[in-house]
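The values are calculated or read from the model by the stated rules, or taken from the named source; none is laboratory data. The model shown is predicted, which means the values in this text are computed figures rather than measured ones. Using ideal geometry, Cβ is built from the backbone for each residue, glycine included, and neighbour counts are taken over all protein chains shown. Accessible surface areas use protein heavy atoms only, side chains included; no ligands, DNA or RNA. Shrake-Rupley method; radii C 1.70, N 1.55, O 1.52, S 1.80 Å.
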Amino acid sequence: MKWKPGKKQVSIMLSVIICAIVIILFYYVLFNGSKITGGISSLISILAPVITGCVIAYILTPILNFIESKWLYPVQKLRGIDLKKPENRNKRKNVRKISVFLTMGFAAFILYAMLMVLIPQLVRSINEIIRNFPYYITNLQKYVDKYLNDNPRVRSTVDNLIQTYSSTVMEMFKSKVVPNISTVISTVSKSMMSAIQIFLYLVVGVIVAIYVLNSKELFMGQAKKLCYAFMKKESANEVIGAFRYAHYTFTGFVIGKLVDSLIIGIITFIFCEILKIPYAVLLSFVVGLTNIIPFFGPYIGAFFGAILLIMINPLKALVFLLLIMIIQQFDGNILGPIILGNSTGLSSFWVIFAILVFGGVFGPIGWLIGVPTFACIYTFIGYVARKKLREKKLPRDTSSYIDAAYIDENGITNIDDADNSKYYVHNEASSLRRMFKFYKKGKSYIENVVPIATTKDEADDINEASDDEIKKDQESKHDNEDNIES
């Protein structure tokens, strides 16, 4: 007779097999984590041109959609051709090729115009800084000497520090810097090769972007088809909706932040020219570029500009810092809310958290994508929490839980109305009152303790008193027992 396992036995066997596979994978990851991370990094480096092309296509998609919806489709409609009809599929493909060509040409023109305007100014400013660097150092030294001459105590302290650490610095230079010159040269050569590799990645990425833009609806349809094929309808709808929300959040934040940073850079350049601050183009470019990084970016740009201007004119450095502070107040309170609105829905704390975490993991790219990525995670967790609360028929707004002590059959009970005997709800007014209450309890307990005898006679009296109390307790206990028996 053949043994045929039932559903219960099959489920048990599958559970055991899955647990064994999970344990094996956990053991492999625990003791071979470096191999896995190395394999992932090598796979990412192989796919880097494709990832670059997808990113370029994602950035250029709004331009492509604008060209098609506002220019090409209306022109064809005036000619009596409705490109949305199925019979005009081939014509729609031809229009897509034209729109891709116009999109790539427009992006190339914008990039070329920016480079032709900025690069000569930046090169001129950098060459001027390098040429005048000895003068700037001498100028800074004059300011420092003047300050030290006016403050003899500070000068003596600085001289002692220089005498103490100069020999240490020279020894460190001789022992670590000089022997590693060959390493520095090899690092520079590797950096040059990396620059060439990045250029090749960009070339391949542009080609990939053209193919992605040309067939973006096809890729989107294939992804949705896979979701509905391998998931339940409700789960697939939720996954597609989550990606749609992520797309909305990313495009709203990234494009809005780029436009905001461009406006801030232009405003900085105008005011630097008005205030006669040197290297206005370089400083405004740095401020606009670092302004892309939320929260910390403006301060990074201001710090760079202040360090450069201190060597030239400390008063100009102070004026530049004040200017950046005023511009950032304008950006944070007026310009930013107008352009970005509440595109992420995150508070300032979560913005800082996202920048620190994603920046620490992904570097400078994490500073840019960290906020919208965390906004998607935050929204997903909130969606799941609201769904669970809806199933339990509980309030979904956060304000209902701020003063909540517990939830029972009567609903939410606030801390002021809570029963401390039912659940632990200790709602004292302040920590000082709680400390003072403990102090009074300790004091009363100490006062009730039998005092320590200081002499032999006092000790005998205390012992006799305690013996008398024990005898009285025993006699009362016997009387109670006799009463119970009778």
> Heavy-atom accessible area per residue, segment 194-276, 1.4 Å probe: how many Å²?
Replying inline: 68
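May I ask you to derive the FRET efficiency for Ala20 and Arg155 from their Cβ-Cβ distance with R0 = 45 Å, giving the value to the nearest 0.05? Show your work: numbers first, answer last.
Details: r = 74 Å, r/R0 = 1.64.
Computed FRET efficiency for Ala20 and Arg155: 0.05.
By the scheme Lys and Arg +1, Asp and Glu -1, what is the net charge of all other residues having a beta-carbon under 15 Å from that of Asn132? Let's see the in-between values first.
Details: positive: Arg124, Arg131, Lys142, Lys316; negative: Glu128.
Net charge in that neighbourhood comes out at +3.
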> Applying the Karplus parametrisation 6.51 cos²θ - 1.76 cosθ + 1.60 with θ = phi - 60° to the phi angles of segment 133-140, what ³J(HN,Hα) value in whole Hz is obtained for each residue in order, glycine and proline being reported as x?
Replying inline: 4, x, 5, 5, 5, 5, 4, 5
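Which chymotrypsin sites (Phe, Trp or Tyr not before Pro) from segment 1-104 combine a DSSP loop assignment with at most 10 other Cβ atoms within 10 Å? Write down the numbers at each step before the final one.
Values: sites: Trp3, Phe26, Tyr27, Tyr28, Phe31, Tyr58, Phe66, Trp71, Phe101; in loops: Trp3.
Here the chymotrypsin sites (Phe, Trp or Tyr not before Pro) that fit, given the DSSP loop and packing criteria, are Trp3.
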>> As a test question: what accessible area, to the nearest 10 Å², does Arg124 have when a 1.4 Å probe is rolled over all protein chains in place?
In response: 130
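What's the ranking of 405-412, 202-209 by average number of surrounding C-beta atoms within 10 Å, highest first? Let's see the in-between values first.
Values: 405-412: 11.6, 202-209: 17.0.
Highest mean packing first, the order is 202-209, 405-412.
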> For Ile240, what charge total do you get from the other residues with a beta carbon under 15 Å from its beta carbon, if Lys and Arg give +1 and Asp and Glu give -1?
Replying inline: +2
> To the nearest 10 square angstrom, what accessible area does Met325 show with a 1.4 Å probe?
Replying inline: 120
> Which pairs break 25 Å Cα to Cα here: Lys93/Lys224; Lys224/Lys392; Lys84/Lys225; Lys84/Lys216?
Replying inline: Lys224/Lys392
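Averaged across orientations, what area in nm² does the convex hull of the alpha carbons in segment 58-169 project?
Numbers: hull surface 57.3 nm².
So the Cα hull casts an average projection of 14.3 nm².
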>> Please report the accessible area of Met104 (heavy atoms, 1.4 Å probe, ligands and nucleic acids excluded) in Å², nearest 10.
In response: 40
>> When a/c reaches 1.5 or more, the comparison of a/b and b/c decides; with that in mind, is segment 245-289 rounded, prolate or oblate per its Cα gyration tensor?
In response: prolate
>> If packing is taken as the average number of other Cβ atoms within 10 Å across a peptide's residues, how do 372-380, 217-225, 234-242 rank, most packed first?
In response: 372-380, 234-242, 217-225
> When all C-alpha to C-alpha distances in segment 223-366 are sorted into bins of 5 Å, what percent of pairs does each bin hold, rounded to whole numbers?
Replying inline: 2, 9, 16, 18, 15, 12, 10, 7, 4, 3, 3, 2, 1, 0
> Which ³J(HN,Hα) values in Hz, rounded to whole numbers, follow from the phi angles of segment 205-219 under the Karplus curve 6.51 cos²θ - 1.76 cosθ + 1.60, where θ = phi - 60° and Gly and Pro get x?
Replying inline: x, 5, 5, 4, 4, 4, 5, 5, 5, 6, 10, 5, 5, 5, 4
> Under a 5 Å amide H to amide H cut-off, with H placed in plane at 1.01 Å, what residues pair with Tyr406 once short-range neighbours are removed?
Replying inline: Thr413
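Just the number please: accessible area per residue for segment 75-160, 1.4 Å probe, all protein chains included, in Å².
Values: 6840 Å² over 86 residues.
Value returned for segment 75-160: 80 Å² of accessible area per residue.
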